[in-house]
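In what follows, a single structure is set out as structure tokens and then discussed.
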Amino acid sequence: MTRAVRRAAAVLVAASTLAVAGCRDGGGVGTERPTPVARVAVTPPADTLAPGETAELRAAPTDSAGRPIDAAAVLWSSSDPDVATVDGSGRVRALAPGAALVAAVAGGVRGEARLLVRRAPATLEVVPATLGLGESAVLQPIVRDSTGVVLPLALDLVSRDPGVLGRDTLGFGPPGLLTARAMGTATLAVTVDGRELTARVTVEAPRVAHVGFAFRDLVVPVGGTRPLDVGVFVAGAGASGASEGGRIPTRAVTVEWRSSDSSVVTVDAAGVARAHREGEAVVTAVVAGIAGAVGVRAVALPDAPLRFTQIAAGARQTCALSTGGTAYCWGEVPPYARGALGLAVREEGLYTGSEVWGVASLPLPVRSPVRFARLAEGSSARGGCALTADGQAYCWSTAEGARPTAGPLRFTSLSAASQHACGVTGDGEGFCWGSGSDGQLGTGSQEPFTPGPNLAAAPPRPVAGGLRWATIVAGDAEQLFPYSCGVTVDGALHCWGNRRLAPARVGGERRFRSVTVGGQTCAIAVEGATYCWYGVAPPADLETARVDGGRRFVVAAGGTQEGCGVDAAGTVACWRLRFGVVDRATALVGAPSLRTLVFGSDYAAHACGLDREGVAYCWGTNGMGRLGLPRVDGWSRFPGTARPLRFEGVYALPTRVLGQD
């Protein structure tokens, strides 16, 4: 069709439309005058098409008040029919590259839409075209036609080399976010009008911004080794926000290791520290001129093997009481309590603004002016507590070490959690102190006081109800809702917290002889049955929480999913609690005979126990030394389960804690 013919056709469309409009308006005697049109809005107001594509435009005539005029006739026209044509319904067809105004006229009022018919795509550019190893960026595709004009297209980039530059396999991050995984060149592609365009992005050596350690103090036994987990972080791409930094594997860079005192600690090329004699050294890792440091303390194991009378496990550490009355702790050490274990105070962590924790992978003695007779049940993630022979409570959660707490009160039993502690006096009175924001103090009201790390500074509060207690156990605040449970002298089980402000009886009329609170609440009835559940309240039908397996446990405890018990013969049997259903308890084959057992309350479960000789054993996940064992890699199990999981430092069976040989 020639240009003249197309213009004639456009005039014909307009004329026929006007003729129809004239017939509708009539003009005869008694005909109602049409509502005047004040505005014509064309949608979309602008569009971009490729030659051969079509689009539907809509015209909306309105009166001066903005009310639609449905009966108004609309005349459509194109300013350049060689670029695009439009029919009487507003359907446009793109013919050739260029720009055209498509007009809609109703009642003498004109509305317009701008139409761009683009040229065929010719080239692809990706911005940025260079990334450092480990960087992530939302890459921007820029498509140009043969004249170099950028085509306004929304396109998805696809990496043909995901091993070099690829998307997070878990799908995290905004759409189009790609991460530089290996040095080299990656091809990226888009498809436009059925044609694939490609561009290349280069992944260069990492631009290192920070080198650091998640834990600033490590303890290594003399003669032993410890792999140092250094974090190497790369920089982002600048203030534009197009790229952000991330942690990269150390195998991708060259790490130079230095020790401030090689007679104490040396480090090999793989980053494994070896302790040669007692003392401290600062180990520095240097990558591309950026340095990070960690303190390493070399400790000589005791000449006489350690033996313990009690053991307690918290979310992040484990503590035990030696036969000589000294408390020992190992695992993660909070920054405010490092002085209690003799660790140096340092400042910077792996992540900016993070708490700086130390790590003790073998038992370290707690600094204390007194000997202890009894260790608190549970083990605070913020330190620990114990009783002297005359019942005085001491807690260690500051650099000063163990300090007396609870004033003149004397206790026969004590339990410590992350932010509250509870004790029972000789006449059966119960007291709790610390944070009571969830009712875990059991005073009958919310106690807003939050002690921070120092339990020794909090005043004790009497537990409401006037009951006489045999024991009270504080639940670790590492859980979503901290709480406490206790057994009265006549065997009634009560729990409080999780918005219950005072003790409430649970478990019906059954009588119980013990209760433990961790990831699970486990109570042993007088007749010998063991029941475990989540939180404060057991299920309405308590039998659904019963641990089957035909065993009568003398002690039972549970983590977030796993639980274990010890019977009178010292046999360890374990179960899983999932979705409120307790599995059958089965013997942990290969475990030593134990007389007591405790469970940490963290999700990364760990358990510990003592045999009849006082030797401590731990098993489960050894995150940052909470088992008191060297870290290892391998397929193994959570405590008491046969489910294989990949965890760093997992011990499937009870293993002797360091310092006991």
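The values are calculated or read from the model by the stated rules, or taken from the named source; none is laboratory data. Everything numeric here is computed off the predicted structure, so don't read it as measured data. Counting neighbours? That spans all protein chains shown, and the Cβs are built from the backbone with ideal geometry, glycine included. These accessible areas exclude ligands, DNA and RNA; they are computed on the full protein's heavy atoms, side chains included. Shrake-Rupley method; radii C 1.70, N 1.55, O 1.52, S 1.80 Å.
Considering region 176-205, the residues that are open to solvent by 80 Å² or more (accessible area, probe 1.4 Å) and modelled with pLDDT under 95 include one that is nearest to residue 247 (Cα to Cα), namely 181. Screening the candidates 307, 247, 258, 277 for the property of being under 30 Å from residue 520 (Cα atoms), basic (Lys, Arg) and open to solvent by 60 Å² or more (accessible area, probe 1.4 Å) yields one hit, 307. Of all residues in region 206-230, exactly one satisfies the criterion of being charged (D, E, K, R) and at pLDDT 85 or above, namely 207.
With a requirement of 2 or more residues that are free of Cβ contacts under 8 Å to residues at least 60 places away in the same chain and among the β-branched types (Val, Ile, Thr), the strands (runs of 3 or more DSSP E) lying completely within region 97-178 that satisfy it span 140-145.
Residues that are modelled with pLDDT under 90 and either open to solvent by 30 Å² or more (accessible area, probe 1.4 Å) or not in a strand (DSSP E or B) (or both) were ranked within region 318-336; the one that is nearest to residue 611 (Cα to Cα) is 334.
Restricting attention to region 125-141, and to residues there that are within 18 Å of residue 154 (Cβ to Cβ), β-branched (Val, Ile, Thr) and open to solvent by 10 Å² or more (accessible area, probe 1.4 Å), which single residue is nearest to the chain's Cα centre (by Cα)? Out of the qualifying residues, it is 138. In the condition set (1) at pLDDT 90 or above; (2) open to solvent by less than 10 Å² (accessible area, probe 1.4 Å); (3) touching a Ser or Thr at 6+ places or on another chain (Cβ under 9 Å), residue 458 is compliant with all but (1). Just to be sure before I move on: is residue 444 at pLDDT 90 or above, over 35 Å from the mean Cα position of the chain (by Cα) and either surrounded by fewer than 24 Cβ atoms within 10 Å (Cβ to Cβ) or among the polar types (S, T, N, Q) (or both) in the structure I sent? Spelling it out, it is not the case that residue 444 is at pLDDT 90 or above, over 35 Å from the mean Cα position of the chain (by Cα) and either surrounded by fewer than 24 Cβ atoms within 10 Å (Cβ to Cβ) or among the polar types (S, T, N, Q) (or both).
Considering (1) out of contact with any Pro (no Cβ under 8 Å at 6 or more places or on another chain); (2) open to solvent by 20 Å² or more (accessible area, probe 1.4 Å); (3) not in a strand (DSSP E or B), the lone condition that residue 72 does not fulfil carries the number (1).
Checked against the criteria, residue 158 counts as under 32 Å from the mean Cα position of the chain (by Cα) and modelled with pLDDT of 90 or more.
Taken as a whole, region 535-545 holds no residue that is within 21 Å of residue 566 (Cα to Cα), modelled with pLDDT of 90 or more and assigned to a strand (DSSP E or B). Taken together, the criteria exclude residue 209 from residues that are more than 25 Å from residue 250 (Cα to Cα) and either part of a strand (DSSP E or B) or within 31 Å of the chain's Cα centre (by Cα) (or both).
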